[in-house]
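Heads up, the thing below is written out as structure tokens.
The values are calculated or read from the model by the stated rules, or taken from the named source; none is laboratory data. Owing to the predicted nature of the structure, the values given are computational and were not obtained by experimental measurement. All Cβ positions, glycine included, derive from the backbone under ideal geometry; neighbour counts span all protein chains shown.
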Amino acid sequence: MYEQIDTGPIYDELVQWMSTYRSLQARMWGAKHSTQKKIDNTLETLGESIDERINELTDTERMALDCWKHGILPGIYEMDREALMEKPYVSIRKIDRWEEVHHVDDVVPTDDAESDTGEVSDQLRRFLEMY
């Protein structure tokens, strides 16, 4: 079971940026020194943009996003770079699933249900008597 949360265009853009950040960070380790410098500059710029955009999200959208943390100042949020890189194959969008278990013993019949079954059985008896 899951609950779907409505998100806006800022959220979708931010998820894309975080995905790009993750792939650039992963690419950094195998790159040449000159390429590493370019990637590092891009990562710095992209990281700052992500940190700014996270603050524009609503609380609900922020809760639907993984890999963010509270900043130094209250009410300020930033991308959790370590968490983003710890889980390279996990979705940036938060996905919480749970199972709902229903026990038949927990269901208490109501008076309406008993009267309905009585009416149905009377109708069934009359039907069978006709034929």
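May I ask you to say which residue of Trp29, Trp17 is in contact (Cβ under 8 Å) with a residue 24 or more places away in the chain and aromatic (Phe, Trp, Tyr)? Step through it out loud before you land on a result.
Working: Trp29 fails: in contact (Cβ under 8 Å) with a residue 24 or more places away in the chain.
Only one candidate passes the filter, namely Trp17.
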*If we scan the range 52-73, do we find a residue that is assigned to a loop (DSSP other than H, G, I, E, B), surrounded by 14 or more Cβ atoms within 10 Å (Cβ to Cβ) and β-branched (Val, Ile, Thr)?*
yes
*Across the range 1-50, what is the number of residues that are under 26 Å from the mean Cα position of the chain (by Cα), among the hydrophobic types (A, V, I, L, M, F, W, C) and in a helix (DSSP H, G or I)?*
10
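Out of Glu13, Glu3, Glu56, which single residue is out of contact with any Pro (no Cβ under 9 Å at 6 or more places or on another chain) and modelled with pLDDT under 90?
On the way: Glu13 fails: modelled with pLDDT under 90; Glu56 fails: modelled with pLDDT under 90.
After applying the criteria, what remains is Glu3.
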*What tally of residues in the range 17-39 results from selecting those that are farther than 17 Å from Glu82 by Cβ, surrounded by 11 or more Cβ atoms within 10 Å (Cβ to Cβ) and out of contact with any Leu (no Cβ under 9 Å at 6 or more places or on another chain)?*
6
